[in-house]
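K.L.:
This is the structure I have questions about; it appears just below.
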Amino acid sequence: MLAYIARRLLATLPVMAMVAVVVFAILRLTPGDPAAIIAGDDATNEKLALIRTSMGLDLPIHQQFTHWVGQLLRGDLGTSLLSGTPVLDMIADRVGPSLALGIGTMVLTVIIAIPLGVIAAWKQGRLLDRSIMVFSVFGFSVPTFVIAYLLIYLLAIQLGWFPVQGYRPLSAGFWPFAQRLWLPIMALSAVYVALIARITRSSVIEVMNEDFIRTARAKGAHEGVVLMKHALRNAAVPILTVIGIGVASLISGVVVTETVFNLPGLGRLVVEAVLARDYPVIQGLILLFSLIYIFINLTVDVLYSVFDPRIRY
């Protein structure tokens with residue numbers, strides 16, 4: 001297993017190199033000039049030229065790329081073109097809200113989705129199963145930002161249970177911190193609850209027809225033990241795969257959710273950097289997201305062998 005993990009970690013190096021080349025090329029080939037954004041509407045050609053020179057944007061593209069790669073090899077993601085702040089410091093300042101939102105979303109998703117999927121499989125074809133699947137279709141079909149605005153209107157504006165927007169760090173107290181995260185977490189988790197509940201249902205139904213389930217029932221095992229110990233454990237691999245995909249795709253959902261709820265996280269930082277054409281920040285964030293994606297895939301692959309001992313690397 002350790003050799004497999006080492007090989008996978010080594011394989012991330014060419015992947016990250018390819019991501020770096022593609023991201024750098026796309027940003028430089030896309031129309032737009034960060035110097036024009038900084039200079040404003042009344043900028044002269046001389047002022048634009050001075051700004052480009054100060055940022056190094058007047059250099060040939062291959063020299064810009066070489067300079068950026070040199071910074072990366074030293075562990076430096078560069079400096080923001082607009083604020084002059086190191087990108088690593090900007091990421092460190094913004095990672096807290098995104099981390100809290102992501103962890104809260106996946107914990108709530110797993111707590112709700114897996115029991116719903118197991119219950120739907122157990123009650124296959126009955127009213128409870130159909131009700132859960134209707135909810136699943138609704139959650140999967142409606143965009144996250146629509147669910148977010150519905151929750152804001154119902155729970156924040158009409159009932160006044162939660163603040164509409166904003167963020168408080170954990171250091172300001174647990175309740176202010178949790179109170180401002182509940183709505184974003186509920187909005188973002190809806191689509192993942194729907195997806196994982198459907199996959200859990202279909203996977204458990206498939207396993208429920210196996211011989212070992214009939215054997216367990218014939219031995220007099222309680223139905224809850226049959227479902228949770230025998231069926232769910234043997235259906236865990238596809239469920240785990242979908243959870244891994246959900247965690248990876250959470251990045252795009254975080255961008256939308258943080259924008260709607262005005263959370264100062266990495267998602268909003270992405271939007272601000274793209275609008276301002278802040279190349280170092282965009283490049284640093286995409287590299288970070290790529291690294292997270294690779295790490296999540298590796299974790300899921302390792303967990304396969306934990307839930308299914310037949311899988312060996």
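K.L.:
Out of region 22-49, which residues are open to solvent by 90 Å² or more (accessible area, probe 1.4 Å) and either at pLDDT 80 or above or among the basic types (Lys, Arg) (or both)?
P.N.:
Correct list: ILE26, LYS47.
K.L.:
Still on this structure: Any idea which of ILE294, ILE286, ILE282 is touching a Ser or Thr at 6+ places or on another chain (Cβ under 7 Å) and either assigned by the TED database to the domain that holds ALA6 or in contact (Cβ under 8 Å) with a residue 12 or more places away in the chain (or both)?
P.N.:
Just one listed residue meets the conditions, ILE294.
K.L.:
If you go through region 215-236 one residue at a time, do you hit one that is of a type in the set (Gly, Ala, Ser), within 19 Å of the chain's Cα centre (by Cα) and open to solvent by less than 70 Å² (accessible area, probe 1.4 Å)?
P.N.:
No, region 215-236 contains no residue that is of a type in the set (Gly, Ala, Ser), within 19 Å of the chain's Cα centre (by Cα) and open to solvent by less than 70 Å² (accessible area, probe 1.4 Å).
K.L.:
Quick one: how many residues across region 66-90 are of a type in the set (D, E, K, R) and either under 15 Å from ALA273 (Cβ atoms) or surrounded by 12 or more Cβ atoms within 10 Å (Cβ to Cβ) (or both)?
P.N.:
2
K.L.:
Here's a check for you: in region 124-140, which residue that is without any contact (Cβ under 8 Å) to a residue 12 or more places away in the chain and under 17 Å from VAL193 (Cα atoms) is surrounded by the fewest Cβ atoms within 10 Å (Cβ to Cβ)?
P.N.:
Once the filter is applied, the top-ranked residue is VAL134.
The rows are residues; the columns are (1) part of a helix (DSSP H, G or I); (2) open to solvent by less than 50 Å² (accessible area, probe 1.4 Å); (3) in the same structural domain as VAL254 (by the TED database); (4) not basic (Lys, Arg).
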residue: GLN64; (1), (2), (3), (4): yes, yes, no, yes
residue: ALA92; (1), (2), (3), (4): yes, no, yes, yes
residue: LEU99; (1), (2), (3), (4): yes, no, yes, yes
residue: ILE114; (1), (2), (3), (4): yes, yes, yes, yes
residue: ILE119; (1), (2), (3), (4): yes, no, yes, yes
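The values are calculated or read from the model by the stated rules, or taken from the named source; none is laboratory data. Because the structure is a prediction, the values reported are computed rather than measured. Because the Cβ atoms are built from the backbone with ideal geometry, glycine has one as well, and the counts that use them run over all protein chains shown. All accessible areas refer to the heavy atoms of the entire protein, side chains included, with ligands and DNA or RNA removed. Shrake-Rupley method; radii C 1.70, N 1.55, O 1.52, S 1.80 Å.
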